[in-house]
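The values are calculated or read from the model by the stated rules, or taken from the named source; none is laboratory data. Since the model is a prediction, treat every value here as computed from it, not as a measurement. So basically every Cβ, Gly included, is an ideal-geometry build from the backbone, and we count neighbours across all protein chains shown. To get the accessible areas, we keep the full protein, side chains included, count just its heavy atoms, and leave off ligands, DNA and RNA. Shrake-Rupley method; radii C 1.70, N 1.55, O 1.52, S 1.80 Å.
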Amino acid sequence: MCQNCVNNVFPDRGHTCLENGSYLMNFASCAQCNKKEMIKIHNKEETEEDQEQVITYQHVCQNCDHVIAEHEYRFCVEDGYQEYQMTCLLCGSGEDSISILPDDPRKEMDLF
């Protein structure tokens with residue numbers, strides 16, 4: 001991972017969790033070739049660990065193949081909620097939790 005290629009290291013992305021793609025707004029330029037070209041996705045792997053889907057890949061400079069960042073996305077269903085997590089130097093850190101029920105019990109608790 002290359003901190004010199006990004007504007008902000010691990011920016012807070014709130015509830016945004018990307019299972020593919022790149023956060024180009026945070027890409028400064030490639031520290032190796034000094035170009036700001038499109039970013040390629042390399043070595044994408046999808047695995048399942050203990051009923052958790054894990055997607056990992058590398059963000060790579062299109063011009064010189066310099067590895068800009070390692071991206072990790074996780075998804076699972078736990079206690080009636082879909083849980084999402086993303087960690088990446090370029091794309092940032094984010095997590096989200098969504099009820100699998102039509103009405104989210106956590107939101108109903110906020111009414112009282």
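Calculated accessible area for the chain comes out at 64 Å² per residue, all protein chains present (probe 1.4 Å; ligands, DNA, RNA ignored).
Amide H to amide H distances under 5 Å link THR16 with GLU95, where only residues 5 or more positions off or on other chains count and H is placed in the peptide plane. Extension gain for ASN4-GLN53 works out to 14.6 nm (0.36 nm per residue, less the C-alpha to C-alpha distance). Think of the chain as a dipole: +1 on every Lys or Arg Cβ, -1 on every Asp or Glu Cβ, centred on the Cα centre; then among CYS17, GLN82, GLN3, GLN3 lies furthest on the positive end. Packing, as the average of other Cβ atoms within 10 Å across residues, places the peptides 80-91, 15-26, 46-57, 64-75 in the order 80-91, 64-75, 15-26, 46-57, highest first. Just the protein heavy atoms count here, and of the accessible area of the chain at 1.4 Å, carbon and sulfur take up 44 percent.
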